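These notes concern the structure reproduced below.
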Amino acid sequence: MAFEHYVNSNGRRLRCGYTTGTCAALAAAGAARLLLTGRAPETVRLRTPRGWEVEVPLVRAELRSPTGATAAVVKDAGDDADVTAGALIVADVDLREGPGVDIDGGDGVGRVTRPGLDQPVGAAAINRVPRRMIAEELEALAGHLGYEGGFRVVIRVPGGQEMAGRTFNPKLGVEGGISILGTSGIVEPMSNQALVDTIGLEIRQAVAGGAGRLVLTPGNYGADFLAGGALPLPEGVPVVRCSNFVGEALDCARLEGVGEVLLVGHLGKLVKLAAGIMNTHSRWADGRMEVLCAHAALCGADRETARALMDSATTDRCLEVLDGAGLRGPVLASVLEAVQEHLDRRTGQEMPTGAVLFSNQFGLLGATRRGEEMLAEWNR
């Protein structure tokens, strides 16, 4: 049962897939339905946060006890080069007294060992959106079937610990397995040319529509931040997602004659620009902690603070370290100055470009010099 959604690039069709989070919710729904009806469905279906429906066969469904069942689905990553492609995502679901859905990870699902990630230290590395998807599916099923109790769900991934060795999980502080991830529920193929072509098309369409100004943001975090209204923007300024291809997007905007560009992104992405890294994917370069550590040293950080920064799993954790040292303001100012220098070098005077940095945990962090000027001018 193929998932028939595609991304087009230069006459090539690349098939999309669905995330481990979607798989976990599907497996949990299958196990819960078996428990509440006594019959295992042949297929399970849900609507992802992206709005696309996914329907898959259950490759395993069995009762473990009168109050417990297990179901599993196979991860389909489409044409994406994903280490979890073909993995078995298993859900053990048990009925329990009282309402609610308790979610945990079992064998093959990592545990968070450092602060600053999506889940707290000690929790299973099952991110918020997959947790919400699982809970919504089970609560909807319970309501439909008249069940008033709750559920306990344990997600397992056979072989997940070995898969995690080919990911950044060990470096990030997730140990013992993979993470159950996904914000849209969908995996879009990581074809560099396909993404660059799509970004270029969106920029050309914006220019054709008369846009002289443009906002670029890497992805879902930036789009959500902008949608939340934390950054006042005038109506009518197009917002284009540039994924990790910041440099290519800026080049395209300049060649298409865009007058001004404002980059809006999470610190974990755009801090790399302070080192001149214009492709922000971790496969190309990381350097987040190194950049923050270098600028902290310039601002007078001691060795203990520098070591804490280098040991941090996320940039949000770095901000906590800098707060503890009383250095957040000076370090961010230094980073923003370096970001502006590299943007000026890339786009020159021909296309003024500024940047705004934010954090999911701390909100708006600041803007570069040109970024502040643009926001002031755009909102007059």
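The values are calculated or read from the model by the stated rules, or taken from the named source; none is laboratory data. Everything numeric in this text was worked out from a predicted model, so none of it was measured. Counting neighbours? That spans all protein chains shown, and the Cβs are built from the backbone with ideal geometry, glycine included.
Listed here are the residues, each with its yes/no results for (1) touching a strand residue (DSSP E or B) at 6+ places or on another chain (Cβ under 7 Å); (2) touching a residue at least 40 places away in the same chain (Cβ under 8 Å); (3) assigned to a strand (DSSP E or B).
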position: 308; (1), (2), (3): no, no, no
position: 329; (1), (2), (3): no, no, no
position: 334; (1), (2), (3): no, no, no
position: 339; (1), (2), (3): yes, yes, no
position: 346; (1), (2), (3): no, yes, no
position: 351; (1), (2), (3): yes, yes, no
position: 361; (1), (2), (3): no, yes, no
position: 364; (1), (2), (3): yes, yes, yes
position: 374; (1), (2), (3): yes, yes, no
Which one of 185, 173 is in contact with a helix residue (DSSP H, G or I) (Cβ under 7 Å, 6 or more places away or on another chain), under 30 Å from residue 107 (Cα atoms), surrounded by 18 or more Cβ atoms within 10 Å (Cβ to Cβ) and not acidic (Asp, Glu)?
185
Cβ-Cβ under 9 Å pairs, at least 6 apart or on other chains, the stretch 71-90 side in contact (Cβ under 8 Å) with a residue 40 or more places away in the chain, far side of a type in the set (Phe, Trp, Tyr)
75/18; 76/3; 76/18; 77/18; 78/3; 78/6; 78/18; 79/6
Flagged pairs (Cβ under 9 angstrom, 6 or more apart or on separate chains; first in the stretch 263-274, not assigned by TED's automatic domain parsing to the domain that holds residue 336; second at pLDDT 95 or above and among the polar types (S, T, N, Q)) are none
Go through the stretch 103-135 and count every residue that is touching a residue at least 60 places away in the same chain (Cβ under 8 Å), of a type outside the set (Val, Ile, Thr) and under 13 Å from residue 29 (Cβ atoms).
2
Matching residues in the stretch 151-170 - criterion: being more than 20 Å from residue 82 (Cβ to Cβ) and either surrounded by fewer than 19 Cβ atoms within 10 Å (Cβ to Cβ) or of a type in the set (S, T, N, Q) (or both)
152
What strands (runs of 3 or more DSSP E), lying completely within the stretch 28-74, carry at least 3 residues that are over 31 Å from the mean Cα position of the chain (by Cα)?
60-65
